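The values are calculated or read from the model by the stated rules, or taken from the named source; none is laboratory data. All figures in this text were calculated on a predicted structure; none of them were measured in a lab. No Cβ is skipped: glycine too gets one built from the backbone with ideal geometry, and neighbour counts run over all protein chains shown. The protein model used for the area step is the full one, side chains on, heavy atoms only, and it has no ligands, DNA or RNA in it. Shrake-Rupley method; radii C 1.70, N 1.55, O 1.52, S 1.80 Å.
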Amino acid sequence: MTTTAAEKATHTAPLPSALALGLSRAAVETRMFFREKDAVIFTFSFPIILLVLFGSIFSDQFKGTGITVSQVYTAGLIGAGVMGAAFQNLGIGIAIDREDGTLKRLAGTPMPRSAYFVGKMLSSLVIALLEVLILLAIGVFLYELELPTDVSAWVTLTWVLVLGMAGAALLGIAASSIPRSAKSAAAVISMPFVVLQFISGVYIPFTELPPWLINISSVFPLKWMCQGLRSVFLGEEGARLELTGSYELGRVALVLGAWVIGGLVLCLMTFRWKGRRDG
Amino acid sequence: MVPQEAYRPDAGAMTTAIHVRGLTKRYGDVQAVGGLDLEIQKGEVFAILGPNGAGKSTTVEILEGYRKRDSGEVRVLGIDPQKPTREWRAKLGIVLQTANDAAELTVRETIRHFAAYYPMARDPEEVIAKVGLTEKADVRIRKLSGGQRRRVDVALGVIGNPELLFLDEPTTGFDPEARRQFWDLIKGLAAEGTTIVLTTHYLDEAEALAKRVAVIARGRIVAAGDPATLGGRATAKAKVTWADGLVETDTPTRTVLELSRRYDGEVPGLAITRPTLEDIYLTLIEAPE
Ligand SMILES: Nc1ncnc2c1ncn2[C@@H]1O[C@H](COP(=O)(O)OP(=O)(O)O)[C@@H](O)[C@H]1O
Ligand SMILES: [Mg+2]
């Protein structure tokens, strides 16, 4: 790139790197999130309350497995919690950014646009991890959930969470363009998410669901994320509770990976930096 | 190595900040901008004056690279705003007409964060002091008054040390005291050599800040030039009125002398008036196509 003398005279310093600004955005986004009490409560409380509630109501064991219903819920709600922190939080948050002028202001600065997305993804990763830790603690202390002891289970946990989080976050970024306004965003984003939780085996075991519903939920990442999490926390005897009698980890990786790539393509194709009234 | 001769302050390309020819933009049935020409030099303070809906924001946001034009030729600091680069953005400062973002951050956090976007940012503390927010530096933006919030907008507009600063209706909603302080701030920036383009629907604001003004109405320039001579103000006929007469004349002094002779001394109810800027402005923006 060539610069003229005048540019050299006034702007000699190089532009800050996209990565550094992405990290800086992540710090700012995370700080803003935790200062907004409503958003914090909205994001964190739902899975926590449900886990405590369900855990107290259903304390039975699944026949001949030594696995309790509350342990299954812990695994499922960790998946739902991650998706809430990534998909729901970003879908609503970006719709608000679009309306309150955040996106417009950023677009007028030399910040590379990728830094905004890096910031959003990293901050939702932090939020999702915190949620996982809280739910795990509840599971371990209240419902005798056992943390995995072998390395391979931790490796599985890591890739399931990272892929699931990334796919859900990208889906949330794409979904943020759907609501017509920030006011409608909470409803437009949360409704399908709640439905998805019901058909993805978070609250109701797959054995109770009609096949056509399972077919629908199998398209989305939540079912596969929860399945991967059950493989980590319920161990080998839990596999018998799965529809296919196996956790199908290969398929879990495939579907979650496809969502990361598909979500990225969807974002690149549909993301709007402007609100509907911005001309 | 670029030779020193490349600095030629007299070369056209180096002194023109904004060049606009035949700019148009349409929204459905509304011709928001209907054929606009502008030529703004570096170091100038230029005001785009016009009533609500005249097309000020549309014009400015096209220059800032936010909106696409339908037709016309536009160069801002030598670049077509529809093909913006990060380097170009680093030289612009933008204060939009409305913004409610970053509510949960403090003034200092926000300004520091935005400073990181620019290669040659100003010192955040200095900018905070300049916009008069030192006492509010650690207050969250959500808790600021409208005027204080606008100062944050200006701080973010200048934090990158811009060559060219756009301000879209910067003082709408200010009380007179806040407006005066704001004008001083803008005058200070202009004195430092920043090229400033501001839009306003306040005539006194354009007069106080800008050496050159373009009055726009219904997307067209209806008058342009020095506010003092706008719309032929300086050359307009003076109106001489007295107890039982009225004359419009180019030579009011002679008329008064004649009257004085006729009344043999004091002329009862004598007044000489020229159209105020306000009168001219109202005629300009109300005139049909
Ligand atoms: N995004 C938009 N969609 C439709 N009409 C618009 C849009 N932006 C501006 N207009 C119309 O264009 C005209 C000029 O608007 P604007 O540039 O905002 O004027 P000003 O800033 O001078 O008040 C108005 O009639 C306005 O309603
Ligand atoms: Mg406007």
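Of the set (1) more than 9 Å from chain A (Cβ to nearest Cβ); (2) open to solvent by less than 20 Å² (accessible area, probe 1.4 Å); (3) without any contact (Cβ under 8 Å) to a residue 24 or more places away in the chain, all apply to residue B:115 but (3). If you go through the range B:183-214 and pick out every residue that is touching a residue at least 40 places away in the same chain (Cβ under 8 Å) and of a type in the set (Asp, Glu), you end up with 2.
When we screen A:139, A:93 for residues that are at pLDDT below 90, assigned to a helix (DSSP H, G or I) and either touching a Ser or Thr at 6+ places or on another chain (Cβ under 7 Å) or within 18 Å of residue A:27 (Cβ to Cβ) (or both), the only hit is A:139.
Scan the range B:148-182 for residues that are farther than 22 Å from residue B:138 by Cβ and not hydroxyl-bearing (Ser, Thr, Tyr) and the total you get is 19. Remark: pairs (first residue in the range B:250-277, without any contact (Cβ under 8 Å) to a residue 12 or more places away in the chain; second residue among the aromatic types (Phe, Trp, Tyr) and part of a helix (DSSP H, G or I); Cβ separation under 8 Å; 6+ apart in sequence or on different chains) are absent.
Selection of the range B:57-93 for residues being within 16 Å of ligand 2 (Cβ to nearest atom), open to solvent by 10 Å² or more (accessible area, probe 1.4 Å) and farther than 26 Å from residue B:127 by Cα yields B:58, B:67. With respect to the conditions (1) of a type in the set (Gly, Ala, Ser); (2) touching a residue at least 24 places away in the same chain (Cβ under 8 Å); (3) under 23 Å from residue A:32 (Cβ atoms), residue A:108 lacks only one, and its number is (2). The set of residues from the range B:124-139 being within 14 Å of chain A (Cβ to nearest Cβ) and out of contact with any strand residue (DSSP E or B) (no Cβ under 7 Å at 6 or more places or on another chain) comprises just one member, B:124. One residue is enough: does the range B:197-216 have a residue meeting the conditions of a type in the set (Gly, Ala, Ser) and either within 20 Å of residue B:272 (Cα to Cα) or within 14 Å of chain A (Cβ to nearest Cβ) (or both)? Within the range B:197-216, none of the residues are of a type in the set (Gly, Ala, Ser) and either within 20 Å of residue B:272 (Cα to Cα) or within 14 Å of chain A (Cβ to nearest Cβ) (or both).
Taking residue A:241, is it buried (at least 16 other Cβ atoms within 10 Å of the Cβ) and more than 21 Å from residue A:163 (Cα to Cα)? Here the answer is yes, as residue A:241 does meet what is asked. Yes or no: residue B:276 at pLDDT below 85, over 26 Å from residue B:31 (Cβ atoms) and surrounded by fewer than 14 Cβ atoms within 10 Å (Cβ to Cβ)? The answer is yes for residue B:276. Filtering the range A:147-188 to residues that are assigned to a helix (DSSP H, G or I) and in contact with a Leu (Cβ under 7 Å, 6 or more places away or on another chain) leaves A:156, A:160, A:163, A:164, A:165, A:167, A:169, A:170, A:172, A:173, A:174.
Residues checked against (1) of a type in the set (A, V, I, L, M, F, W, C); (2) open to solvent by less than 40 Å² (accessible area, probe 1.4 Å):
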site	(1), (2)
B:210	yes, yes
B:213	yes, yes
B:229	no, no
B:232	no, yes
B:248	no, no
B:256	yes, yes
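This table checks each residue for (1) away from ligand 1 (no atom under 16 Å from the Cβ); (2) open to solvent by less than 20 Å² (accessible area, probe 1.4 Å); (3) assigned to a helix (DSSP H, G or I).
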position: B:126; (1), (2), (3): yes, no, yes
position: B:138; (1), (2), (3): yes, no, no
position: B:151; (1), (2), (3): yes, no, yes
position: B:157; (1), (2), (3): yes, yes, yes
position: B:166; (1), (2), (3): no, yes, no
position: B:188; (1), (2), (3): yes, no, yes
